[in-house]
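The values are calculated or read from the model by the stated rules, or taken from the named source; none is laboratory data. What you see is a predicted model, and the numbers here were worked out from it, not measured in a lab. Every residue, glycine as well, gets a Cβ built from its backbone with ideal geometry; the counts of neighbours run over all protein chains shown. Accessible surface areas use protein heavy atoms only, side chains included; no ligands, DNA or RNA. Shrake-Rupley method; radii C 1.70, N 1.55, O 1.52, S 1.80 Å.
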Amino acid sequence: MSQFRQLLKQSIAGPHKRLEDLAVMKVYSNGNASLDQYLAVTEGLYEFWINHQPRTDRLPNRFHQFYSRYLSALEQDVGERRTAHAKTPVNEIAFFYVLLGSGLGARIIRQRYQDNTLPQKNIDHLAQNSAPLWKTFIAEQLNTVPESEHGAITGEAHHLFTTLYNNIVTI
């Protein structure tokens, strides 16, 4: 693992752990959420992702299509389209590090909800489509970020995950 990737992983470790330790997230990720709990978490995720956007679009279009399709899957699962507030622009590398990195968790959660009838288009999208992009992201994007940008990107990744935590903690 590259030094930069290790820095990113460390930058989100605290808020990631706090998110995982929330009672609603434990129930959700263990596959035991009621419909109300499941939808509350899904709505929290939707609110978070719809209110952020990469500041630039230097990454290949397939990354932005992945994000767009993920938002669409979240919308289908929550059952209504919401209007985003002014979108918060964030660093594109930090944004996709957090988004694509959630694919591993989605694969595990998907298995736990395998026989469930809850609306799972968002989990399915992450679980099925993030791995190939993740490999490309690591090899072609993350490993080519200039060292001069490492601090800003790790700070943004930490901020994103902290914001995600703050979005879910209110459930």
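What pairs can you find where one residue is in the stretch 123-151 and within 16 Å of residue 58 (Cα to Cα) and among the hydroxyl-bearing types (Ser, Thr, Tyr), the other is in a helix (DSSP H, G or I) and open to solvent by less than 20 Å² (accessible area, probe 1.4 Å), and their Cβ atoms are less than 9 Å apart, with a gap of 6+ or different chains?
136/63
Considering (1) open to solvent by less than 70 Å² (accessible area, probe 1.4 Å); (2) part of a helix (DSSP H, G or I); (3) touching a Lys or Arg at 6+ places or on another chain (Cβ under 8 Å), say which one residue 31 fails and leave the rest.
(2)
What number of residues in the stretch 115-139 are within 17 Å of residue 79 (Cβ to Cβ) and either among the aromatic types (Phe, Trp, Tyr) or surrounded by fewer than 15 Cβ atoms within 10 Å (Cβ to Cβ) (or both)?
Matching residues across the stretch 115-139 total 2.
Looking only at residues in the stretch 39-81 that are part of a loop (DSSP other than H, G, I, E, B) and among the basic types (Lys, Arg), which one is surrounded by the most Cβ atoms within 10 Å (Cβ to Cβ)?
55
Quick one: what pairs do we get from the stretch 77-90, first residue modelled with pLDDT of 85 or more, second open to solvent by 90 Å² or more (accessible area, probe 1.4 Å), C-beta under 9 Å, 6+ apart or different chains?
77/121; 89/55; 90/55; 90/159
Those residues that are more than 14 Å from the chain's Cα centre (by Cα) and under 21 Å from residue 69 (Cβ atoms), I need them from the stretch 129-167; list them, please.
132, 135, 136, 137, 138, 140, 141
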